[in-house]
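**Student:** Below is one structure. I have some questions about it.
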Amino acid sequence: MKELDVLGVRVEMPTNNPIVLLREREGHRYLPIWIAAPEATAIAYAQQGVQPPRPLTHDLMVTLIEDLGHRLDEVRITRMQDNIFYAVLVLDGTTEISARPSDAIALALRAATPILAAEEVLDAAGVAMAVEDEDEVERFREFLDQVSAEDFESGEGDPPRGGD
């Protein structure tokens, strides 16, 4: 398993599909996962430190885990099958609960928990970024600095996504 950092979320054009972009901490691969608009908003809120007046679903889940005397140790993106990513939440070091990667990432950000990906997932879906491509990553980071969570809210039904 390789540890990943969340670079952020963006909307892919022209389809208007949100993507969460992760980067291998000790490497040069990036892992893009298409997600739904509500999860994109949840991830963006967590990254921006937005504290809503009432807890959102992912905030509630972290509180439930902690108040029931458990801890979220890590989230793992475990496999990819038919272009769909699968993840698990690891509680108390031993209990694994199946989760969508987008939900797992939103929880991990709120609980300050490591995000890991199986080597097979990175081999299959990771994108190696050459040094000259780092300018593109920097432009993406600048975009993330200017985007807000509301940019991901949608009034339309969400199409199926590979990562949800």
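The values are calculated or read from the model by the stated rules, or taken from the named source; none is laboratory data. Note that the structure is predicted; figures quoted are calculated from it, not measured. As a convention, Cβ positions derive from the backbone with ideal geometry for all residues, glycine included, and neighbour counts pool all protein chains shown. Heads up: the accessible areas ignore ligands, DNA and RNA and are worked out on the full protein's heavy atoms, side chains in. Shrake-Rupley method; radii C 1.70, N 1.55, O 1.52, S 1.80 Å.
**Student:** Taking the stated definitions as given, is Arg141 assigned to a helix (DSSP H, G or I), modelled with pLDDT under 95 and either basic (Lys, Arg) or open to solvent by 40 Å² or more (accessible area, probe 1.4 Å) (or both)?
**Tutor:** On the way: assigned to a helix (DSSP H, G or I): yes; modelled with pLDDT under 95: yes; either basic (Lys, Arg) or open to solvent by 40 Å² or more (accessible area, probe 1.4 Å) (or both): yes.
In short, yes.
**Student:** A further question on this structure: Could you name every one of the strands (runs of 3 or more DSSP E) located completely within the range 22-110 that has at least 1 residues being in contact with a strand residue (DSSP E or B) (Cβ under 9 Å, 6 or more places away or on another chain), surrounded by fewer than 22 Cβ atoms within 10 Å (Cβ to Cβ) and without any contact (Cβ under 8 Å) to a residue 60 or more places away in the chain? Break it down stepwise before answering.
**Tutor:** Numbers: elements: 29-34, 72-81, 84-91, 95-99.
Result: 72-81, 84-91, 95-99.
**Student:** Quick test of your reading of the structure: Leu4 fulfils all but one of (1) under 18 Å from Ala124 (Cβ atoms); (2) among the hydrophobic types (A, V, I, L, M, F, W, C); (3) more than 10 Å from the chain's Cα centre (by Cα). Name the failing condition by number.
**Tutor:** (3) is the only condition that Leu4 fails.
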